[in-house]
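The block underneath contains the structure these notes are about, expressed in structure tokens.
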Amino acid sequence: MAAETERTMTSIEDQPLTEELLERLLASSSPDQYLSQEEPGDCDLSEMLLTLAREKGISRTEAIRATGLSAPYGYQIFAGTRHPNRDAAIMMAFGLRCNLIECQRLLKAAGVSELWVKRRRDAIIIFCVDHGYTRERCDDELFRLGEETLLKVDAGE
Amino acid sequence: MEDEEVFRALDADDAYEVVRELGRGAGGVTQLVRRAGDGGGGDREGALLVRKYLPAEVANRDVWERVREIDDARLPRVREVYELPDRLAVVCDYVAGTTVRERVRESGPMGVGEAADVAAEVCAAAGLLHERGLVHRDISPGNVVLADDGVHLLDLGIARERTEGASRDTTRLGTWGYAAPEQFGFAQTDARSDVYSIGRLLGFMLCGVEASEDSFDAAVRGLDDAPRLVVERACAFEPSARYQSADELARALGELGEDGGSKTGRKRARRGAWRRVVCGLLALFGALSTLLFVWVAFRLWTRPERPTDPYSALLGIDLVVFIDVAVVLLPARFLLRPEDDATTGRTLLARQGLVLLFCLMVFAVLAVAATVEVG
């Protein structure tokens, strides 16, 4: 799959977890020491989406189709010209076949709250992500358990 | 856009892999790309291409589809055009070469003949667009490439079709210093706007001064009459005062190029003749000196009257080598390659110095040997 830009990133999975980075920061003698070693950088959603797609060998078309989002909206999210709401970001995670860690990072990069196991709806979604369900199957589970589905009748924009 | 249209465009977009980004600006993004894997264009697999993303507000698909119909090496050969929700993507063949700007910065102003030839080729390319009702609107030294196969006019990113009855363009842009005044909103652009830009381009090639600089007009006034008049007419503020078409400008450039078209051309012709005369005289001097010294050396070697005569013969050969190389061959090579004026002047002196040093060393050895012989 060809990416729009050549920006390279280490694999999303290989990047240290936030908790690990927090431990290193708190163990540092000064902010400068941490920053000089870790280079945290900025987390760009568009870049992350393209990296995930490239790593998994999924084209943008395949990913957007799998989310159920409208194509122009999905394109804009990939291009970084539109910011997804929480459900759209979760749908993107399904479209890119993210595991739970990747999904949580994607949500953080999108500037929305992560999935929280104590929230009933989130718990169902966590289960579906962890088991590799498609977005459609996740919505079936949400509907069956009386929760709001990810894909809304008005096409998720 | 409908979903399926977007998906088709995305698939087309993902068929290319980016080699590197060539440029980014208000007019869009330009990338060097190649087809990813077996993209269906087997004969072009691996071939470098240029992909331009043009913002939807300045892009015009119809223009690019018309350019695609043109089969001329001077204009971008368009391979694919597809529309994304927020921009137009155009994929063209990659042209390897030097832009006029790079060429002038590296080598200085061009001669009248060369500049006229380049400008005439640009006129021909622009003329092909004008025949189809298109105006380039961004002819500048950065958009004209000198490649092995000739001159190429690139970057039709803001090309427009002329709309009859329109009083002004709806988008302006263009390169400051090269864009015609009407591109700043006074009137609609037409072929004469490109004529203006080609005139500014010609001025840049002849003077080596960017048309955006304050000193450009003064530099143009310092040109010889013939090229100056062509530049001034092409760059008249009022479109009706300019050459009315790219063809008309090309004819004027043709006369300029043939003439040497100017005092500069005649000066160069006279200088060339003078150089050949001097080279002829040097060659004659070298030939006579060689004959004389070789004859004397032969006499001294075969019929020596003194013990030092053989050494004198060798000294004569040493002197002949110095005359032939340092006095004849090196200066003749310098004179017959005027394009190297800037550098071989110093190189000539350096090489002559080396030859002299060598001959002096031989002289010293022979002098010592002769002294020992006499002693």
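Structure summary
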{"quantity": "J(HN,Hα) series, segment A:85-101, from Karplus relation 6.51 cos²θ - 1.76 cosθ + 1.60, nearest Hz, glycine and proline x", "calculated": "6, 5, 5, 5, 5, 5, 4, 4, 4, 5, x, 9, 6, 6, 7, 5, 4"}
{"quantity": "Viscosity 1.567 mPa s, temperature 4 °C, Stokes-Einstein D of segment B:77-133 from Kirkwood C-alpha radius, µm²/s", "calculated": "90"}
{"quantity": "For segment A:45-94, residues shielded by at least 40 square angstrom of accessible area compared with the chain on its own, probe 1.4 Å", "calculated": "A:60, A:61, A:65, A:71, A:72, A:75"}
{"quantity": "Most fluctuating residue given options B:274, B:301, B:64, as computed from a GNM of chain B linking Cα atoms under 10 Å", "calculated": "B:301"}
{"quantity": "Projected-area average for segment B:189-259 over all orientations - Cα convex hull basis, square nanometres", "calculated": "4.4"}
{"quantity": "Amide hydrogen neighbours beyond the local backbone of residue B:19, cut-off 5 Å, H modeled", "calculated": "B:32, B:33, B:34"}
{"quantity": "Candidates B:350, B:47, B:89, ranked by Gaussian network fluctuation over chain B, Cα under 10 Å, top entry", "calculated": "B:350"}
{"quantity": "³J(HN,Hα) computed for each position of segment B:72-83 - Karplus, 6.51 cos²θ - 1.76 cosθ + 1.60, integer Hz, glycine/proline x", "calculated": "8, 5, 7, 10, x, 8, 7, 9, 8, 10, 9, 10"}
{"quantity": "Fluctuation leader among B:362, B:144, B:78 - chain B, Gaussian network, Cα springs under 10 angstrom", "calculated": "B:362"}
{"quantity": "Accessible surface of segment B:189-249 [probe 1.4 Å, protein heavy atoms]: carbon and sulfur percent", "calculated": "46"}
{"quantity": "Quarter of the Cα convex hull surface for chain B, i.e. its orientation-mean projected area (nm²)", "calculated": "27.3"}
{"quantity": "Sum of -39500 (n - 2.57) over DSSP H runs of 4+, divided by residues of chain B (222 nm, nearest 500)", "calculated": "-16500 deg cm²/dmol"}
{"quantity": "Area hidden from solvent between B and A (accessible, protein heavy atoms only, 1.4 Å, total, Å²)", "calculated": "1500"}
{"quantity": "Solvent exposure of chain B as accessible area per residue, Å², 1.4 Å probe", "calculated": "51"}
{"quantity": "Between segment B:196-262 and segment A:58-86, the alpha-carbon center distance in angstrom", "calculated": "52"}
{"quantity": "Given A:152/B:52; A:56/A:108; A:108/A:152, the pairs whose alpha carbons are separated by over 28 Å", "calculated": "A:152/B:52"}
{"quantity": "3J(HN,Hα) from dihedral phi, segment A:145-152, Karplus parametrisation 6.51/-1.76/1.60, rounded to Hz, x for glycine, proline", "calculated": "9, x, 9, 5, 6, 6, 7, 8"}
{"quantity": "Sequence-distant residues sharing a close amide H with residue B:99 (under 5 Å, placed H)", "calculated": "B:146"}
{"quantity": "Residue B:88 long-range amide H proximity, modeled H, under 5 Å", "calculated": "B:54, B:56"}
{"quantity": "Contact order relative to length of chain B, as percent, for alpha carbon pairs under 8 angstrom and 6 or more apart", "calculated": "11"}
{"quantity": "Segment B:294-308 versus segment B:345-370: alpha-carbon centroid distance in Å", "calculated": "23"}
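The values are calculated or read from the model by the stated rules, or taken from the named source; none is laboratory data. Fair warning: this is a prediction, and the values are worked out from it, not measured in the lab. Accessible surface areas use protein heavy atoms only, side chains included; no ligands, DNA or RNA. Shrake-Rupley method; radii C 1.70, N 1.55, O 1.52, S 1.80 Å.
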